[in-house]
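As structure tokens, the structure follows; a few thoughts come after it.
Quick note: the coordinates plus some simple rules give every number you see, no bench work behind them. Keep in mind it's a predicted model, so treat the numbers as computed, not measured. Ideal geometry is used to build each Cβ from the backbone, glycine not excepted, and the neighbour counts take in all protein chains shown.
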Amino acid sequence: MDTNGTTHNGQSDDPFDSATNATLAPRSYYGQIQADAWFCALVKGTGKVPFDPTQHNPEQRCVAVDISLIPLPEQNVRFDIRRETIAESREWAGIIWPSLKALGLTNAREADGKWGKLTQVPSGRKYRNSAGEEKEATTFKFLALYPNEDACRDAYHTEVKRQPADAEPAPTQAPQSTPAGGNGGNGSKARETAVQFIAAFAKMNKYDVDATRRQCAGQPAITNVVDVNTPEFVEIIAQAAHGQ
């Protein structure tokens, strides 16, 4: 590369251009979901209050949805990841719930207690902070659901390329031959994990293949190893059902 930031093949590769156009990568959070829903009324000057049919008109009734995620301790998150929304809003009906539904949920109550992964995306709402600056509000978009805490933790360590905080460095070993058609020990471990995930989701969906496929489709720990649209996937579910 010469001094003007142009590579030898003629392509522009100016680090200042890269710095100028850099964007902050959205952070993902892994943990347990807590969800609650209750009927409310929107009162001017007060906001949401519990709906009381003796005090409020029927048309005032809305559904308040409070949803939060308690991050895994390894993430060292020291702030509340929580959204208090109205079910009839774009935030819930257009973003949060569709992302959960795409991961296989059929009723919002199923989210409570689940282990999952989310990121924060623009909600489409603007607001002004205490300094008078216009900001864009964010909301949740769920990216994955896991059958249990261990699966959630495994996904966290795999996807962010970290080792558990209490893990000791692995001793240096001599290279081992890779079995034909496989990826060595790492590949075997990844497939074992994927099969366990598929079996767990299959059990949750009463071994229904289509329902299990929909829920597994958004799980990188599965799709990076097993194609959910193959006979292999169906066979794994059949074996899980046989061994229940």
Listed residue pairs exceeding 22 Å between alpha carbons, taken from Lys101/Lys203; Lys101/Lys141; Lys48/Lys126; Lys48/Lys117; Lys44/Lys126; Lys44/Lys101: Lys48/Lys117; Lys44/Lys101
Residue-wise HN-Hα coupling along region 54-70, computed from phi with Karplus coefficients 6.51, -1.76, 1.60 (Hz; x: Gly, Pro): 7, 10, 10, 6, x, 6, 7, 6, 10, 10, 8, 10, 10, 9, 9, 9, 8
Distance histogram in 5 Å bins (all Cα pairs of region 28-145, percent per bin): 2, 11, 18, 20, 18, 15, 10, 4, 1, 0
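Order 53-62, 131-140 from most to least packed using the mean count of other Cβ atoms within 10 Å. Numbers along the way, then the final one.
Working: 53-62: 11.2, 131-140: 12.8.
For the peptides 53-62, 131-140, the packing ranking is 131-140, 53-62.
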Amide H partners (placed H, <5 Å) of Asn148, local residues excluded: none
Surrounding net charge for Arg109, when Lys and Arg each add one and Asp and Glu each subtract one, Cβ distance under 14 Å: -2
Distant-in-sequence amide H partners of Thr138 (H built 1.01 Å from N, under 5 Å): Ser123
